[in-house]
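A.B. asks: One structure, pasted below without further comment.
The values are calculated or read from the model by the stated rules, or taken from the named source; none is laboratory data. A quick note: this is a predicted structure, and the numbers were derived from the prediction, not measured. Note that we place each Cβ from the backbone using ideal geometry, even for glycine, and neighbour counts take in every protein chain shown.
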């Protein structure tokens, strides 16, 4: 079940599947998909069982069925590495796209997306610049790569950091949970791929944290 | 291989020149070796055990030289490695090398001797990749590494002797299994090799011997040789004038520091053993505070210090120039210090074997006895010591349980060997089943391991495009040179957390400390390391820069390592002792300062008899405590706690706090646990046990933690060189992630099963747990409700809560726990530089 929030007057749905839906623009926003990461590991001699790509796509299908978006906007790190794109990953992705033919893909390239342009046509990806301004939002991959001018009224939405919170309570084992990090002027999405690290961030008082636990996004005021 | 005593004249002469006479057990060892036998020598440090094991091939060499002369068919000495000496401790390696060199030089043997450990110079290592010396001294890890290079067989085929030194340290560990595997390969290559182990006194020497030899050699070809009896142990105890009535486990108990200093002053050289590195640093500071004039005469020694510092301390100790050294298990074994004439044990000895071992570090002068002075840090330990004394008299030493076929170690081994000349499947299976650890390895398990290294799993669930080893014409070899390089970097079974080096700003290395401790410090925060008070300046590139501090208050790093559990043997001893007390008998009751505590316990509650299970329930500010006293040791208690909590919460949603120590299991709950319900679940014994264990939430959490080591050993997690090997960053993922991925996508992976099995066998001491459950069900039940904690319960009230079992959903907890959200994460003291390093890889 999504949790609805409002930013600069725009409604956004935060999904526990680690994505954001922007109903007004019918846009499903994801970040850090890292397609083919498991494959890349296997190629390098690290044994990872199969099933991660399938589950990424199944998750995506689930979201698409729920939200019926017109487009998917990826805030960077579409793939992990081009070597990770085996025939298998490629064909599964194509197959998925074939079943969702009306969906547009807009991709802001992330630091992992080197040479993605060579594949963009194949997967019908529209590669954008490093920034995309769609008021009230300014989208990018790495939020630290930009200094927002004071005058701007745009709200920066990005990925890259894989934000997480640590739950610490006496007696319980420490546990990191992925989260949405919503500060006053910017927000960071959790990584869509579950096979990725989780990073604690320097949250500040006043930040809102959308903690993903079980099948819910629980909002905390920091 | 005929060789009869007497010992060749050269050797007797040389011994005489040194002013030594060979001990009978040494000669017996040489004789047995020359008869082609394998053997196990039981001898403590400082009894000439090195010579006992080493001289066999030397004797044989001279006998053969003699024969050659006689037959005038002078054939040259066979080339290649002759003696391989495996030691678990780097610190010991140098000493052994010196001893061997003395012999070889003294007897004019033209053998080259090389020491190869992780500390060895790169150029020496490089040379060893191509050519082996006649005598090699090395560690289990370096042995595996040696086997990972091609063309080894011709250099090893004339190997005569493998010595595994301090085998008691290796048995029951994965390092021990790694050693067994290495030996199995050597035995294939060198038909004439004889395996000799050296072990200190352990409970079951016979099974230790069998573990080292494996199932193959006939029993008649194995000789067990008893070294000289270790000296008598004299145990004294410092008794505090007043023992607090509420013993607080975990608090320092340094009130005896004055008495300890007095005793140190009366003798030449003392070792002060503590159970943790932090405690060592603290005791050092307190001793220095007590006797400032001892600066320079006392030192601290533990595993996290700079090797040079440690070596310096060891040298000074050997020369007898130090008055005292405060140390941890880092000095439990190893080099002999004849000057040491007194040993202190601060705090619980935890196990009988350990106490004997520590006591044995003193009194190596002829006719001297081992003098051990026990320093209790809280009142209970006085009872523990009485129990330990009794156990020493009865020689109730803990058994070492061999590790059962750990597949992670095997997975590492098959890849390691593939880096060398390779192997065929059947040949290696036959070889591996000659080890004790894998003698019952089934064909299926074997094939799974090979498949896992080859393609990730059996054909059906193979991992696409994954391969680490490949097969050509029936021969398995490594898939690529890059893979071989990586394998060599990750050989080993000891895991370590990320450690930061601690250095002075001006240069000078002090030691290393876990990142988790330093991460919490802010610049200018003082802490002690290597006996020096320093303050943090900054952290950069995995190094913490510090400067001297004059502050009087400081932190002590808490090095990970966990608390040693009290062994079951000692736990039972304590229960027996408490039982004696309840009847007004035994030794502990003679200790005056214990009396008030015991009296209070008896007035408020009861002192349980040996066949009784005492359960106390009382309310505190935090909630209701229900404390049971099985006296089975911490490891078993953790299992009991997890299991009982599971049974108590399965019917209604609840959260229970779990606290255990070596004597008791406590559960903390918002509402009192009803007596009858507790009784029913606790006394259920082993009924439904397998089912309960599987469903027990906490165990799966423990398995996840256990998987960290398994993932590393099996080669899933590649740590590489921190900060150096940038190309590997895209390949890093935490073992937690691996655990989740396997759990979800390959639940039948045998490594997951292994993790669960290890939790049961090692962490929870499964067999003991089952016996304990049955035995507890048979005890007489004594339930006492109180309005405050008793002296027996009090330590649990102040102990940090260990675990919590909750049948609530995570999301429910998250909602409740907003307050518990760590406010400053990550800690701001980490410099931006380090943060970048830490965080760089997952993006």
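A.B. asks: All but one of (1) in contact with a strand residue (DSSP E or B) (Cβ under 8 Å, 6 or more places away or on another chain); (2) farther than 23 Å from residue B:403 by Cα hold for residue B:637; which doesn't?
C.D. replies: Going through the list (1) in contact with a strand residue (DSSP E or B) (Cβ under 8 Å, 6 or more places away or on another chain); (2) farther than 23 Å from residue B:403 by Cα, residue B:637 breaks only (2).
A.B. asks: Right, next: Which residue is nearest to the other protein chains (Cβ to nearest Cβ), if the candidates are limited to the stretch A:97-119 and must be over 16 Å from residue A:34 (Cα atoms) and surrounded by 13 or more Cβ atoms within 10 Å (Cβ to Cβ)?
C.D. replies: Out of the qualifying residues, it is A:97.
A.B. asks: Given the condition under 19 Å from residue B:637 (Cα atoms) and either modelled with pLDDT under 75 or surrounded by 17 or more Cβ atoms within 10 Å (Cβ to Cβ) (or both), answer yes or no: does some residue in the stretch B:584-595 qualify?
C.D. replies: So far as the stretch B:584-595 goes, no, none of its residues is under 19 Å from residue B:637 (Cα atoms) and either modelled with pLDDT under 75 or surrounded by 17 or more Cβ atoms within 10 Å (Cβ to Cβ) (or both).
A.B. asks: While we're on this one: Run residue B:638 past the list (1) within 30 Å of the chain's Cα centre (by Cα); (2) loosely packed, with under 15 Cβ neighbours inside 10 Å and report the number of the one that doesn't hold.
C.D. replies: For residue B:638, the failing item is (2).
A.B. asks: Check off (1) in a helix (DSSP H, G or I); (2) away from chain A (no Cβ under 14 Å) for residue B:642 and give me the number that stays unchecked.
C.D. replies: (2)
A.B. asks: Just checking: which of the strands (runs of 3 or more DSSP E) contained wholly in the stretch A:120-222 hold 2 or more residues that are facing another protein chain (nearest Cβ under 7 Å)?
C.D. replies: Those strands (runs of 3 or more DSSP E) span A:163-167, A:208-213, A:216-221.
A.B. asks: Give the stretch B:26-51 a look and list any residue that's touching a strand residue (DSSP E or B) at 6+ places or on another chain (Cβ under 7 Å) and modelled with pLDDT under 90, or say none.
C.D. replies: Of everything in the stretch B:26-51, those that are touching a strand residue (DSSP E or B) at 6+ places or on another chain (Cβ under 7 Å) and modelled with pLDDT under 90 turn out to be B:42, B:43, B:49.
A.B. asks: Also, quick follow-up: Where in the stretch B:104-222 are there helices (runs of 4 or more DSSP H), lying fully within it, with 3 or more residues that are in contact (Cβ under 8 Å) with a residue 24 or more places away in the chain? Walk me through how you get there before you give the answer.
C.D. replies: On the way: elements: B:122-128, B:140-147, B:153-156, B:167-170, B:174-189, B:205-213.
Passing ranges, in order: B:140-147, B:153-156, B:167-170, B:174-189, B:205-213.
A.B. asks: Would you check if residue B:428 is part of a helix (DSSP H, G or I), surrounded by 15 or more Cβ atoms within 10 Å (Cβ to Cβ), modelled with pLDDT of 95 or more and more than 14 Å from every other protein chain (Cβ to nearest Cβ)?
C.D. replies: Yes.
A.B. asks: Filter the stretch B:740-760 for residues that are exposed (fewer than 15 other Cβ atoms within 10 Å of the Cβ) and away from every other protein chain (no Cβ under 14 Å) and give the result.
C.D. replies: B:753
A.B. asks: Here is a check on your reading of the model: is residue B:281 more than 17 Å from the chain's Cα centre (by Cα), part of a helix (DSSP H, G or I) and within 16 Å of residue B:258 (Cα to Cα)?
C.D. replies: no
A.B. asks: Which numbered condition trips up residue B:361, out of (1) under 25 Å from the mean Cα position of the chain (by Cα); (2) surrounded by fewer than 24 Cβ atoms within 10 Å (Cβ to Cβ); (3) modelled with pLDDT under 90?
C.D. replies: Of the numbered conditions (1) under 25 Å from the mean Cα position of the chain (by Cα); (2) surrounded by fewer than 24 Cβ atoms within 10 Å (Cβ to Cβ); (3) modelled with pLDDT under 90, the odd one out for residue B:361 is (2).
A.B. asks: Any residue in the stretch A:21-28 that is surrounded by fewer than 17 Cβ atoms within 10 Å (Cβ to Cβ) and part of a strand (DSSP E or B)?
C.D. replies: Taking every residue of the stretch A:21-28 in turn, none turns out to be surrounded by fewer than 17 Cβ atoms within 10 Å (Cβ to Cβ) and part of a strand (DSSP E or B).
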